[in-house]
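Here the structure is laid out as C-alpha cells; the discussion comes afterwards.
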Amino acid sequence: MAAALPLVTVTLATATPANAAGTFNVRDYGATGNGSTNDAAAINSAVSAANSAGGGTVEFPSGTYKVGSTVHLKSNVTIQLDSGSTLTGTSSGYDAPESNSNDSYQDFGHSHFHDAMFYGDRLSNIGFTGSGTIDGGGNLITGNPSSGQADKLISLTRCSNLTMNGITLKRGGHFAILINGCDGVSSDHLNIQTASDRDGWNVINTQHATFTNITIAANDDALVFKSDWALGQRFTQGNVTVTNAHLSAACCNALMFGSETCSDFSHYTFSHITITGAGKSGLGLVSMDGANISDVHYSDVTMSGTASPIMIKIGTRKRCGDSPGIGSISNVTYDGVTGTSAGAYSPTIWGQSGHQVSGITFTNVNLTLPGGHAAMSDGVPSDNGDYNPNSIGTRPAYGWYIHQANGISFTDSSVKFSSNDNRPAVIADTGSGISFDHFVVQRGSGSPYDLGFQSVSGYCQTSVTNTSGGAPRISATGSSQSSSCGGGGGLTVSGLSVADTANAGDWSVQSDLQAGATLFGDRTFAVASVPSAVAGAQWIRTANDSKSSTANPLATFTISQAATVYLGVDTRVGKRSWMDSSWTDTGTQLTDTEGSSTRRFELYQKSFPAGSVSLGPEADTANNGSMYTVIVK
C-alpha cells in the first residue's frame, strides 16, 4: 500500500501528489532484489509505468537492488524505499557525462549531471521517501568519471517540488545529491553518510527549500548552498530554512555558502545546528563571484573541531559567464552560537576596498579558540584570493579579525582560548561602526592589548571586560570613537522587532549615521545630507517596502539609557497620525538621493527613558512617499 507523502511546506502553483495514481512494485517489473542481478532496467520500467499512469509511487520492498545503469526519473513519481531495501551502485554502466559549453566556470562534477545513479531534468513532483538506503558501495567516482562511471547518487536539474524524506544515502562518489536550478524542496529526516567519499548535498541555484532533521557526515562539504554557471544563467534563489541539522565535514565546510556564487542569495534561516567537525569552516559565508548575499540568519548553533568557526569573505574571483563585478555580504545575524576547539584560523570578516562587508550582528556568540600562539605583527595579513580560511594565513588576533567592514556589532559575546595566546583578542582594520557591548575577552599573558582598531571610524566598546572582570586595553590607531558611545556604559540599541514580517529582514540597527550610508535595507538610495545634531548617531535602517504596513506598533526596540529618538518622515506624507504632541518638529531635515530626485525627511524628536520604544506605522498605503527613518541619540 502506498505511503502518504509528508506535507510539503512550500506552496507551488501545481503540486500533484506523486503517489496519487497508485503503487508500482519494482518486482512486478522484473527486479530481483538479489544483490547480483542488474535491476536498473526493471526500475526504469516501473518509473515509466508510474509516470504514464499520471503519477505514482515506485516501491522497493526489502532486498538489495543492484542499479548498474542510470535510472531516468520522471515527473509525478516518488521512489519509496521500504525498510530493509538497499539500492547499490556499480563501477560501470551509467550514462556518459553530457557536453557542457559552460564547464570552464566550475569543476567537472558540478558541470555534468547525466553521470549519476538517478538523473532527471525539468521534472516536477518527484521524491525519495521511506527508510531504505541508496549506497554507491564504493563504486562511484570521487574525481572526474570516465564514460560509464558515475560520480553522483542523485542528480537533478531545473526540478520543482522535490521531496527527500527518511532515507539514507551512502558513498555517493563526488556527491550524494546534486541539485541545480530547482524550485520547491522539502526534506525531513534525511541521513547522508559520505565521510569516505566527498560531498553530502550541494544545493545550487535553488529557491523555496525546507530542510528539517537532517544528518550529514561528509568528507568534503556537508550541506552547501552555491550558485554556479553550469546551466548558463543566473537564477532567483533563496527563501530557505534549515532546522535541526547535525553536520560534519572532515576536510572542508560543514554549513557553507559558496565558493561558487554567481546569483544572489537572500532569505536564509538556520536554527538548531550542531557541527562536530570541519576541516575548513564551520559556518562559511563567501561571495567569490559577484553574488549579493543578504538576509541570512543563524541561531542556536553549537560547533566543535572546526578549522575556522566563522568565515565571512568577499572575494574577487568573478568566475561566471556574464562578466560579474564584486559581490556583497550584508544583513547577517548570528544569535546563540557556541564554538569549542573552534580552529587554528581565527573567525574572520574580510571585505574588499569599496566592497565592505556590512550589517553583521553577533548576539550571544561565544567562541573558544585553540590559542597557543606567540605575539606577532598586527599588520594586515596577505590574501591569496581563495575562499579557504587558510587563504589569509595566521591572523594577528586569536579571536576576531575584521578587515574592510562596517556596521559590525557584538553583544553579550566572548572570545577565549584553550592555551595562552599573546595575540590580541580582536583586531578591526579599515571600517566603520564596529561595536562591542557586554563583550568578554581572555587576555594573553604577553599580549600588547585586547581590542585593536586600525583606521576605523565610529568604533564603540561598552561594558567590555576581560575574564577577570578588568577593563579592556584598547589600541586605536587612526581611528575615532562613535560620538554616541560612552566607552564604559554608552547608549546601545538592541532587540529590534518588526511586525511587518515580509520585510523585517531588511531592517537593521546601524551606527555612525553619515552621508553616503544606504538609507533602506531593500533599496540602494544613499543618504545625501545629515543634520549636525544627529551626525554619527546610531540609527535603524528600515525597509522602504514597510511603508504600506499598517501594523501598530510596527517596530519596537530597546535603548540602554535615556535617549532622544528622531523620526525622519518624508515631507510628501507628513507627520503620522500616531505621533502625538510629544513628538516635536526639530525644523531640520535629512535628505537622500532616489534616482535623479532628492527626497527630504523632516526630523521629529521625542525623549524616551531607558527601556522599550515602540513606533507606529508609516501606513502610506497610497504610496505617496518613502518609509521613515529612525535615529537614536
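The values are calculated or read from the model by the stated rules, or taken from the named source; none is laboratory data. Keep in mind that this is a model prediction, so the values were computed, not measured. Counting neighbours? That spans all protein chains shown, and the Cβs are built from the backbone with ideal geometry, glycine included. For accessibility, only protein heavy atoms count, side chains too; no ligands or nucleic acids. Shrake-Rupley method; radii C 1.70, N 1.55, O 1.52, S 1.80 Å.
Per-structure values
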{"quantity": "In the range 481-574, trypsin sites (Lys or Arg not before Pro) in a DSSP loop with at most 12 other beta-carbon atoms within 10 Å", "calculated": "Arg572"}
{"quantity": "The range 427-586: Cα Rg divided by the 2.2 N^0.38 Å rule of thumb", "calculated": "1.19"}
{"quantity": "Solvent-accessible area per residue, Å², over the range 312-460 with all protein chains present [probe radius 1.4 Å]", "calculated": "31"}
{"quantity": "Percentage, to the nearest whole number, of Cα pairs in the chain over 35 Å apart", "calculated": "45"}
{"quantity": "Assigned charges on the beta-carbon of Lys, Arg, Asp, Glu; the range 489-633 dipole about Cα centre (debye)", "calculated": "220"}
{"quantity": "Greater than 31 Å apart at Cα, pairs in Lys280/Lys633; Lys66/Lys280; Lys74/Lys170; Lys280/Lys318; Lys280/Lys547; Lys313/Lys416", "calculated": "Lys280/Lys633; Lys66/Lys280; Lys280/Lys547"}
{"quantity": "The range 41-98: C-alpha pair distances exceeding 12 Å, %", "calculated": "68"}
{"quantity": "Bins of 10 Å from zero: percent of alpha-carbon pairs in the range 551-633", "calculated": "17, 51, 27, 5, 0"}
{"quantity": "Dipole of the range 375-528 [Lys/Arg +1, Asp/Glu -1 at C-beta], most positive-end residue of Ile392, Ser457, Ser468", "calculated": "Ser468"}
{"quantity": "HN-Hα J in Hz across the range 153-162 - Karplus 6.51, -1.76, 1.60, θ = phi - 60°, x for Gly and Pro", "calculated": "6, 10, 9, 9, 10, 6, 9, 9, 6, 9"}
{"quantity": "Calculated over the range 396-497: convex hull of Cα atoms, volume per residue (Å³)", "calculated": "94"}
{"quantity": "Accessible carbon and sulfur surface of the range 130-263 relative to its total accessible area, %, 1.4 Å", "calculated": "39"}
{"quantity": "Kirkwood Rh and Cα Rg combined as Rg over Rh, evaluated for the range 417-468", "calculated": "0.99"}
{"quantity": "Kirkwood-type radius of the range 81-147, with distances r between different C-alpha atoms, in Å", "calculated": "13.9"}
{"quantity": "The range 192-295, Cα convex hull volume normalised per residue, Å³", "calculated": "83"}
{"quantity": "3J(HN,Hα) from dihedral phi, the range 89-104, Karplus parametrisation 6.51/-1.76/1.60, rounded to Hz, x for glycine, proline", "calculated": "x, 10, 8, 7, x, 8, 4, 6, x, 6, 6, 8, 5, 9, 6, 7"}
{"quantity": "At q = 0.14, 0.18, 0.22, 0.26 Å⁻¹, base-10 log of I(q)/I(0) for the range 574-617 (Debye sum, equal scatterers on each alpha carbon)", "calculated": "-0.45, -0.68, -0.88, -1.02"}
{"quantity": "Distance from the range 348-388 to the range 599-614 (C-alpha centre basis), Å", "calculated": "35"}
{"quantity": "Helical contribution to [θ] at 222 nm, DSSP H n ≥ 4, -39,500 (n - 2.57), averaged over the chain, rounded to 500", "calculated": "-500 deg cm²/dmol"}
{"quantity": "Length released on extending from Ser146 to Asn624, taking residue separation times 0.36 nm less the Cα-Cα span", "calculated": "165.9 nm"}
{"quantity": "In degrees, nearest ten, helix 40-52 long axis to first principal axis of the chain (Cα)", "calculated": "70"}
{"quantity": "Most to least packed among 174-184, 437-447 [average Cβ atoms within 10 Å]", "calculated": "174-184, 437-447"}
{"quantity": "Distance histogram for the range 517-591 (every C-alpha pair counted, 5 angstrom bins, percent rounded to whole numbers)", "calculated": "3, 10, 23, 27, 24, 12, 1"}
{"quantity": "Around Trp229: net Lys/Arg minus Asp/Glu count, Cβ-Cβ under 10 Å", "calculated": "-3"}
{"quantity": "Unit charges at the beta carbon, dipole of the chain: most positive-side option, Val441, Thr236, Gly35", "calculated": "Val441"}
